[in-house]
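What follows is one structure encoded as structure tokens, with my remarks underneath.
The values are calculated or read from the model by the stated rules, or taken from the named source; none is laboratory data. On a predicted model such as this, the values are computed, not experimentally measured, just so you know. Neighbour counts are summed over all protein chains in view; Cβ atoms, including those assigned to glycine, are modelled from backbone coordinates with ideal geometry. These area figures cover heavy atoms from the full protein model, side chains too; ligands, DNA and RNA do not enter into them. Shrake-Rupley method; radii C 1.70, N 1.55, O 1.52, S 1.80 Å.
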Amino acid sequence: MGNAKVILGAYVPGSSWLHQLDPRVKLFSCFWYVVIVFLANNWLGYLWLFVVLGMLIALSRLPLKLYWRGIKPLFWIILFTVAIQLLFSSGGHVYWQWGWLAITSGGFYQSAIILARFILIITISTVLTATTPTLQLAAAMEAFMNPLRYLHVPVNQIAVMLMIVLRFIPTIMDETTKVMNAQRSRGVNFDEGSLIERAKRLEPLLIPLFVGSFKRAEELATAMEARGYDPDAPRTKYRVLHWHHNDTTAMVSLAVATLILLVTRFLPV
Amino acid sequence: MSAIEFLNVNYAYQADTPMATLAVKDFSLKLESGSFTAIVGHTGSGKSTLMAMLDGLLVPTHGSLRVGEVTIDSHADKKTLAKLRKGVGYVFQFPESQLFAETVLKDVMFGPLNMGVSLEQAKEQALTALRSLKLPEDINDRSPFELSGGQMRRVAIAGVLAMHPRVLILDEPTAGLDPQASEDLLNLVNQLHQKGTTILMITHQMEQAARYADHVLVMKQGQRTAFMTPHELFGKPDLLKEAGILPPASVDFANQLVVHGLKLTDEVPLTIEQLADQLADHLKQGGRANG
Amino acid sequence: MIDIQHLSFKYPDHAQPALDDVSMQLPMKKWTAVIGHNGSGKSTLARLIDGLLIPSSGTITIDDLPVDEAHLQQLRQQIGLVFQNPDNQFVGTTVADDVAFGLENHQVPHDQMQQRIDEALKAVGMQDFADSEPSLLSGGQKQRVALAGILAIGPRVIILDEATSMLDPKGRHELLTLLKQLIIQHDMTVISITHDPVELSMSDYAVVLDHGKVAMQGATAELLKEPAKLAQMHLALPFAQRLQLQLKERGISVPTQYLDSERMVEWLCQQLNS
């Protein structure tokens, strides 16, 4: 169960204003925010984006440490990308040069932008996943897929599939630990030897998991059929999302924030 | 010298985090070589954690344990753990879910080969193990996935026995088997016990504990509630009640007779045969038997 | 009455039919146990009654409802199945969502759902777990949720396909006691496919299957009058019947009428206390 947390994101239970928002609003706003990050074209724009993010973090009532934990795993990738930008971008004043590597003022500028974008996008995603349970996120995704129905995309089936995936992740994780222990008990050492040797040792782990999952899928399909599931028939819904006053407020705020950002584009800074 | 010794063992999941939970608390126990211990307790009582440590799958957070010559504590390195596993076999719950090789024989040879024995030796050990589980020889070259559920279970157990463990751990080996297959399997475990293998069997079936084990270890919240012979344990209704254990049907039946004012002997009937013997004695003495 | 006439079924990849010209009449509003070894065809029978498999030949009718492809939707409404593996029939990410799954399939309107879920969970004693994730539940609790999912639909027949075989004795005992209670409360018909002798002793009617054929059928009390016959087929007997056989081996004759544990105790006390 401990492992499942890592995969399912970092929902932190709470009752903040953000926790209570409709997941559709949160998913859309997160997506929208990522888009407008690319609209900022000067330091004032980025400053405004950081201010908005800061307000959201405050509204989530979750400790800052948690957001830092969201960035930490990606630290090296960020550093690498920033370094590349720093060394390979050209333009502006040259501070240092070695062959075709150069640190220029243009490079500084570019890498600062990249760094800012990384932090903004990762942290806004953490705001979303930390305040929204996975089940609600799935419901929001389903809602957004709904129009695809008219393109004959099987939205209902995809929704059930999504639910089953979420349901079985912890089960499969448990199963993995169990099979791994059973094979370790039979003398397998999963974490020693060359890469090829290690890959070979995955066979006694992957085959049982594969076979087990197939058997599970077959039994589950029978059970679902017995419970009246018909992929082609209409179904009613237990989890229905309700739009509240706060959700309207959130959408209006999002529009205002976007407008302010657009204004910063034309300010002479 | 005892075969197995736990000394003040603690185990914490997610140690060093605020979420740390103690699954085993200050646990000490000695088991004799060649003994048969039944381990009972509810889910989360720490019995599986205890067995995982015995097989080197988990390392105690504090304290130490010894199996034969090998001693394990929180600093144990991989080599020592591997050495421990050589002497300990672990039949997990629903062990058929660990089968993977193309043929039954290859699957059973997998363990011995990992232990470093020669190909020929591994094959011999595998064939002997398969025979001891009364599996027909014509399945050896078939895929394990073509077999019936009961046969798969036996192939998986053969895969553990082929490693010739001196200590054998079994976790609910009869779960999901039909009564006949269960009895066959338990008889085999008992044979291994008689040949000198030290057996530890996790079970919810008190009939099994009463019939086969020489000691019963009762676990609750990471600690041992009791470690005694089946005779002692099942003669203590208060202790059983506190531990949430339903006694074997024969003991229950004898208790019912006591409630109706009929006490047979001081000896608790651990099996239905013992109960029938006691009843037959009484009925014949009473002169009322008419058969 | 569940009327089964000349039912045969053969899996495409098997040489022998799983069921071979089987006929039986199972009483409604009673508990029927179907016992037999693995491979005797008992699980196949459960799937045929629910229309999950289509018979090679023969017919099944449940009162007036014929089991065929044209009536599948009604059948799903009338019959609930609890399977062996608690994990592989739990569809929802929480207990409430799992109970809701069946309601959604049967297109129960949203405004009725919460009440039906609450009632069903209460009936199986799982009302405090509505928001729990399945990985935090025991096998016995999951099976109770499966039962709640069925009760929420309100069928007349519940089939247990070895539903207790993966549970520990406590979980098994709780589930069976609960079922016995529900039968009485809701006038339900239960068919339990099993090799658990306790389930057999709780039943009113029993069918013994052997290699795809009916070996015996009748009132459970009648069947258990002759425990030797069942023992010969290596079927597990209830404790009282096993004791009866053991006493017989020791030269004690026990009355040939059917005795459950309680009556066995009474009989022994009569013999020894007078």
* To do: Name the single residue, out of those in the stretch B:29-48 being of a type in the set (Ser, Thr, Tyr) and in contact with a Gly (Cβ under 8 Å, 6 or more places away or on another chain), that is least open to solvent (accessible area, probe 1.4 Å).
  => B:Ser45
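The rows are residues; the columns are (1) touching a helix residue (DSSP H, G or I) at 6+ places or on another chain (Cβ under 7 Å); (2) part of a helix (DSSP H, G or I); (3) not basic (Lys, Arg).
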residue: B:Glu5; (1), (2), (3): no, no, yes
residue: B:Asn8; (1), (2), (3): no, no, yes
residue: B:Tyr11; (1), (2), (3): yes, no, yes
residue: B:Ala15; (1), (2), (3): no, no, yes
residue: B:Leu29; (1), (2), (3): no, no, yes
residue: B:Ala38; (1), (2), (3): yes, no, yes
residue: B:Leu81; (1), (2), (3): no, yes, yes
* Across the stretch C:48-65, what is the total count of residues that are under 13 Å from C:Leu7 (Cα atoms) and not in a loop (DSSP other than H, G, I, E, B)? -> 7
* Structure fact -> Considering the stretch B:178-204, residues that are of a type outside the set (Gly, Ala, Ser) and more than 23 Å from B:Asp55 (Cα to Cα), and then whichever is farthest from the other protein chains (Cβ to nearest Cβ), we arrive at B:Asn187
* Structure fact -> B:Ala76 meets each of (1) assigned to a loop (DSSP other than H, G, I, E, B); (2) open to solvent by 10 Å² or more (accessible area, probe 1.4 Å); (3) closer than 28 Å to B:Leu192 by Cα; (4) in contact with a Pro (Cβ under 9 Å, 6 or more places away or on another chain) with one exception, condition (3)
* Being at the interface with chain B (Cβ under 8 Å from one of its Cβ atoms), under 22 Å from B:Asp178 (Cβ atoms) and not in a loop (DSSP other than H, G, I, E, B) is the filter here, so list the residues in the stretch C:217-254 that pass it. => C:Phe239, C:Arg242, C:Leu243, C:Gln246
* **Residue identified as among the charged types (D, E, K, R), closer than 29 Å to A:Pro231 by Cβ, within 14 Å of chain B (Cβ to nearest Cβ) and within 28 Å of the chain's Cα centre (by Cα) among A:Glu142, A:Glu175** => A:Glu175
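Table: residues versus (1) touching a Ser or Thr at 6+ places or on another chain (Cβ under 9 Å); (2) of a type outside the set (Asp, Glu); (3) open to solvent by 20 Å² or more (accessible area, probe 1.4 Å); (4) within 8 Å of chain A (Cβ to nearest Cβ).
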{"position": "B:Leu57", "(1), (2), (3), (4)": "yes, yes, no, yes"}
{"position": "B:Arg66", "(1), (2), (3), (4)": "yes, yes, yes, no"}
{"position": "B:Ile72", "(1), (2), (3), (4)": "yes, yes, no, no"}
{"position": "B:Glu96", "(1), (2), (3), (4)": "no, no, yes, no"}
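Inspect the stretch C:46-67 for any residue being of a type in the set (S, T, N, Q) and open to solvent by less than 30 Å² (accessible area, probe 1.4 Å) and give the result as yes or no.
Of the residues in the stretch C:46-67, the ones of a type in the set (S, T, N, Q) are C:56-57, C:59, C:61.
Right, trim to open to solvent by less than 30 Å² (accessible area, probe 1.4 Å) and you get none.
No: the stretch C:46-67 contains no residue that is of a type in the set (S, T, N, Q) and open to solvent by less than 30 Å² (accessible area, probe 1.4 Å).
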* Asked: Residue check: is B:Gly159 at pLDDT below 95 and more than 14 Å from chain C (Cβ to nearest Cβ)?
  -> no
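Okay, residues lined up against (1) outside any loop (DSSP other than H, G, I, E, B); (2) within 14 Å of another protein chain (Cβ to nearest Cβ):
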| position | (1), (2) |
| --- | --- |
| C:Ala33 | yes, no |
| C:Ser43 | yes, yes |
| C:Ala46 | yes, yes |
| C:Ala70 | yes, no |
| C:Gln73 | yes, yes |
| C:Gly80 | yes, yes |
| C:Thr93 | no, yes |
| C:Val99 | yes, yes |
* To do: Check whether at least one residue in the stretch A:27-36 is within 22 Å of A:Met141 (Cβ to Cβ), assigned to a loop (DSSP other than H, G, I, E, B), open to solvent by less than 90 Å² (accessible area, probe 1.4 Å) and in contact (Cβ under 8 Å) with a residue 60 or more places away in the chain, and report yes or no.
  => no
* Return yes when A:Gly212 is more than 9 Å from every other protein chain (Cβ to nearest Cβ) and small (Gly, Ala, Ser) and no when it is not. => no
* Structure fact -> When C:Leu53 is run through (1) touching a Lys or Arg at 6+ places or on another chain (Cβ under 6 Å); (2) aliphatic (A, V, I, L, M); (3) closer than 16 Å to C:Gly80 by Cβ, the failure sits at (3)
* **Residue selected from the stretch C:106-131 under the condition part of a helix (DSSP H, G or I) and either surrounded by 23 or more Cβ atoms within 10 Å (Cβ to Cβ) or among the hydroxyl-bearing types (Ser, Thr, Tyr) (or both), by the criterion nearest to the other protein chains (Cβ to nearest Cβ)** => C:Ile117
* What's the number of the condition C:Met202 fails, among (1) open to solvent by less than 30 Å² (accessible area, probe 1.4 Å); (2) more than 29 Å from C:Gln16 (Cβ to Cβ)? -> (1)
* **Filtered residues of the stretch C:183-204 (kept if away from chain B (no Cβ under 14 Å) and over 11 Å from C:Lys29 (Cα atoms))** => C:Ser192, C:Met202, C:Ser203
* **Qualifying residue in the stretch A:54-76 (condition: within 26 Å of A:Arg265 (Cβ to Cβ) and open to solvent by 80 Å² or more (accessible area, probe 1.4 Å))** => yes
* Taking into account only those residues within the stretch C:227-274 that are buried (at least 16 other Cβ atoms within 10 Å of the Cβ) and small (Gly, Ala, Ser), which is modelled with the highest pLDDT? -> C:Ala240
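With open to solvent by less than 60 Å² (accessible area, probe 1.4 Å), out of contact with any Cys (no Cβ under 6 Å at 6 or more places or on another chain) and modelled with pLDDT under 95 as the only criterion, which of C:Asp20, C:Asp13 stands out?
Values: C:Asp13 fails: open to solvent by less than 60 Å² (accessible area, probe 1.4 Å).
Every option except C:Asp20 fails the conditions.
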* Asked: For B:Glu102, all conditions in the list (1) assigned to a helix (DSSP H, G or I); (2) open to solvent by 30 Å² or more (accessible area, probe 1.4 Å); (3) within 30 Å of C:Asp87 (Cα to Cα) hold save one; what is the number of the exception?
  -> (1)
